[in-house]
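The values are calculated or read from the model by the stated rules, or taken from the named source; none is laboratory data. Predicted model only: the values in this text are computed from it and were never measured. For neighbour counting, all protein chains shown are included, and Cβ atoms are generated from backbone atoms with ideal geometry for every residue, glycine included. Heads up: the accessible areas ignore ligands, DNA and RNA and are worked out on the full protein's heavy atoms, side chains in. Shrake-Rupley method; radii C 1.70, N 1.55, O 1.52, S 1.80 Å.
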Amino acid sequence: MISKKLEEAVNAQIQAEMYSANLYLSMSAYFRSKGLDGFAHWMYIQYQEEMFHAMKFFNYLFSRGGRAEIREMEKPATDFDSPRDVYEKALKHEQLVTSLINNLHEIAIEENDYAFQAFNQWYIDEQVEEEESAQGIIDKLDLAGEGGIYWVDKELAARTFTPTNPGEGEV
Ligand code: OFO
């Protein structure tokens with residue numbers, strides 16, 4: 001059974017993952033409004049991934065005798081200066097999420113919850129990818145320059161979402 005302290009922290013993390021989903025959906029809407037459909041598609045996939053992250057925690061709480069709780073979320077930003085500005089903000093946001101995931105791990109260590117530590121390793125690895133992919137697009141945009149945005153847009157249009165099972169209950 002999960003401790004009350006860890007259950008509370010996981011519920012806060014579900015809220016953070018759902019906020020991430022909203023933020024990326026808002027970024028997708030921004031790109032669509034600018035006619036950058038490849039970027040919009042990439043961000044829409046990112047939104048789906050974040051909902052998957054949230055649901056994996058949601059389902060896990062029930063499997064450990066806890067209870068998931070959906071909370072109020074702040075409104076995400078809707079306007080950005082450029083594609084680079086969007087990805088800089090996404091990278092900063094992912095760095096924050098990494099610190100939240102690490103904090104969850106610290107709580108699990110304090111609570112001697114070995115099962116949660118094993119479960120949370122997936123998120124620790126995922127955060128390495130999350131930061132790397134945002135940084136990778138910033139690098140591409142820098143290489144491409146203003147005139148190359150069209151080509152980056154075409155490349156991002158090819159992203160696919162292939163979720164594994166988020167656990168009992170599914171997304
Ligand atoms: Fe859930 O990894 Fe991004 O926020």
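Annotations for the structure displayed:
- Selection status of residue 100, more than 26 Å from residue 38 (Cα to Cα), touching a Lys or Arg at 6+ places or on another chain (Cβ under 8 Å) and modelled with pLDDT of 95 or more: no
- Residue 63 farther than 29 Å from residue 145 by Cα and within 16 Å of the ligand (Cβ to nearest atom): no
- Counting the residues of the stretch 120-168 that are out of contact with any Lys or Arg (no Cβ under 6 Å at 6 or more places or on another chain), in a helix (DSSP H, G or I) and more than 16 Å from the ligand (Cβ to nearest atom) gives 15.
- Some residue of the stretch 84-91 being open to solvent by 20 Å² or more (accessible area, probe 1.4 Å), closer than 13 Å to residue 2 by Cβ, in contact (Cβ under 8 Å) with a residue 12 or more places away in the chain and within 15 Å of the ligand (Cβ to nearest atom): no
- Residue that is farthest from residue 62 (Cα to Cα), among those in the stretch 20-41 that are surrounded by fewer than 20 Cβ atoms within 10 Å (Cβ to Cβ) and within 14 Å of the ligand (Cβ to nearest atom): 26
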